[in-house]
Amino acid sequence: QVQLVESGGGLVQAGGSLRLSCTASGVTTSITTFGWFRQAPGKQRELVASISNGYITTYVDSVKGRFTISTDDAKKTVYLQMNSLKPEDTAVYYCNAKRLFRLNEYWGQGTQVTVSS
């Protein structure tokens with residue numbers, strides 16, 4: 001019912017920036033919440049940021065002031081702007097979506113972010 005396709009990962013030096021994108025297709029009009037998760041080797045998956053109803057945002061403490069989550073006006077694409085990247089930000093980043101009146105959650109395929117130095 002909802003398909004998510006991610007892009008924008010890559011290799012960047014510490015202090016640099018990346019912008020991740022996740023585009024939804026299918027029954028996108030009922031999506032109420034997007035989230036970005038990340039998982040590094042040997043560590044548990046953590047919620048990095050979320051956005052509900054297009055404007056209510058949350059961030060994990062470690063990225064506050066550096067990362068920004070946003071959606072387009074149609075709520076078909078969610079972005080994660082990552083500035084002042086640190087080596088500890090290195091992980092696979094996953095897009096997540098939730099629908100109104102639905103229990104199921106949807107996930108993207110993941111995109112690798114590697115921060116050197």
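Applying the condition of being assigned to a loop (DSSP other than H, G, I, E, B) and among the basic types (Lys, Arg) to region 36-56 and asking which residue is nearest to the chain's Cα centre (by Cα) yields Arg45.
So is Val115 within 17 Å of Ser30 (Cβ to Cβ), assigned to a strand (DSSP E or B) and in contact with a strand residue (DSSP E or B) (Cβ under 9 Å, 6 or more places away or on another chain) or not?
Numbers: within 17 Å of Ser30 (Cβ to Cβ): no; assigned to a strand (DSSP E or B): yes; in contact with a strand residue (DSSP E or B) (Cβ under 9 Å, 6 or more places away or on another chain): yes.
The answer is no for Val115.
Could you tell me whether region 33-44 includes any residue that is touching a residue at least 60 places away in the same chain (Cβ under 8 Å), within 15 Å of Tyr79 (Cα to Cα), of a type outside the set (A, V, I, L, M, F, W, C) and open to solvent by 20 Å² or more (accessible area, probe 1.4 Å)? So far as region 33-44 goes, yes, one or more of its residues are touching a residue at least 60 places away in the same chain (Cβ under 8 Å), within 15 Å of Tyr79 (Cα to Cα), of a type outside the set (A, V, I, L, M, F, W, C) and open to solvent by 20 Å² or more (accessible area, probe 1.4 Å). Every condition in (1) touching a residue at least 40 places away in the same chain (Cβ under 8 Å); (2) of a type in the set (Val, Ile, Thr); (3) surrounded by 15 or more Cβ atoms within 10 Å (Cβ to Cβ) holds for Ile51 except the one numbered (1).
Return a yes/no flag: does region 57-67 have any residue that is open to solvent by 30 Å² or more (accessible area, probe 1.4 Å), of a type in the set (Asp, Glu) and in a strand (DSSP E or B). There is no residue in region 57-67 that is open to solvent by 30 Å² or more (accessible area, probe 1.4 Å), of a type in the set (Asp, Glu) and in a strand (DSSP E or B).
What about Asn83, is it modelled with pLDDT under 95 and either of a type in the set (S, T, N, Q) or open to solvent by less than 40 Å² (accessible area, probe 1.4 Å) (or both)? When the stated conditions are applied, Asn83 does not pass them. Here is the figure for region 1-32: residues that are in contact (Cβ under 8 Å) with a residue 60 or more places away in the chain and in a strand (DSSP E or B) total 17.
Considering each of Val78, Val115 in turn, give the residue that is more than 11 Å from the chain's Cα centre (by Cα) and surrounded by 12 or more Cβ atoms within 10 Å (Cβ to Cβ). Steps first, please.
Values: Val78 fails: more than 11 Å from the chain's Cα centre (by Cα).
Val115 is the lone residue from the list that is more than 11 Å from the chain's Cα centre (by Cα) and surrounded by 12 or more Cβ atoms within 10 Å (Cβ to Cβ).
Figure legend. Inter-residue proximity from region 91-115: first residues free of Cβ contacts under 8 Å to residues at least 24 places away in the same chain, second residues part of a strand (DSSP E or B) and β-branched (Val, Ile, Thr), beta-carbon distance below 6 Å, spacing 6+ or different chains. No pairs are indicated.
Of all residues in region 100-112 being of a type in the set (S, T, N, Q) and modelled with pLDDT of 95 or more, which is surrounded by the most Cβ atoms within 10 Å (Cβ to Cβ)? Ranking the qualifying residues of region 100-112, first place goes to Thr111.
Tell me which residues, restricted to region 1-32, are among the hydroxyl-bearing types (Ser, Thr, Tyr) and open to solvent by 80 Å² or more (accessible area, probe 1.4 Å).
We begin by selecting, within region 1-32, every residue among the hydroxyl-bearing types (Ser, Thr, Tyr); these are 7, 17, 21, 23, 25, 28-30, 32.
Scanning region 1-32 gives a single hit, Thr29.
The values are calculated or read from the model by the stated rules, or taken from the named source; none is laboratory data. This structure is a prediction, so every number in the text was calculated from the model and none was measured. Every residue, glycine among them, receives a Cβ derived from its backbone with ideal geometry; neighbour counts consider all protein chains shown. Only protein heavy atoms, including side chains, enter the accessible area calculation; ligands, DNA and RNA are left aside. Shrake-Rupley method; radii C 1.70, N 1.55, O 1.52, S 1.80 Å.
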